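Read the figures in this text as sums done on the coordinates, not as results from a lab. Treat the numbers as computed from the prediction; the structure is a model and nothing was measured. With ideal geometry, Cβ positions are generated from the backbone for all residues, glycine too; neighbour counts draw on all protein chains shown.
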């Protein structure tokens with residue numbers, strides 16, 4: 001498992017955060033996602049062995 005922080009420009013509210021989380025959670029290999037609206041970031045934990053595409 002690896003964790004990365006991604007900059008998400010325009011992540012300004014909870015509605016945006018929910019949309020970002022939904023898309024990322026549906027991506028193969030993603031195990032966990034936390035959005036930080038104040039910092040405009042997403043913290044993603046993924047399994048390298050499963051591949052992230």
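Quick notes
- Estimated [θ] at 222 nm from DSSP helical runs (n ≥ 4, -39500 (n - 2.57)) normalised by residues in the chain, nearest 500: -7000 deg cm²/dmol
- Within the set (i) -0.47, -0.80, -1.05; (ii) -0.28, -0.52, -0.80; (iii) -0.35, -0.58, -0.84, the number that log10 I(q)/I(0) by the Debye sum over Cα atoms at q = 0.13, 0.18, 0.23 Å⁻¹ takes when calculated for this structure is listed as (ii).
- Net length gained if the chain between residue 49 and residue 1 were fully extended (0.36 nm per residue, minus Cα distance): 16.4 nm
- Helix 14-25 vs. the chain, principal-axis angle (Cα, 0 to 90°, nearest 10): 10 degrees
- Taking other Cβ atoms within 10 Å as a rough exposure proxy, 11, 6 sort from fewest to most as 6, 11.
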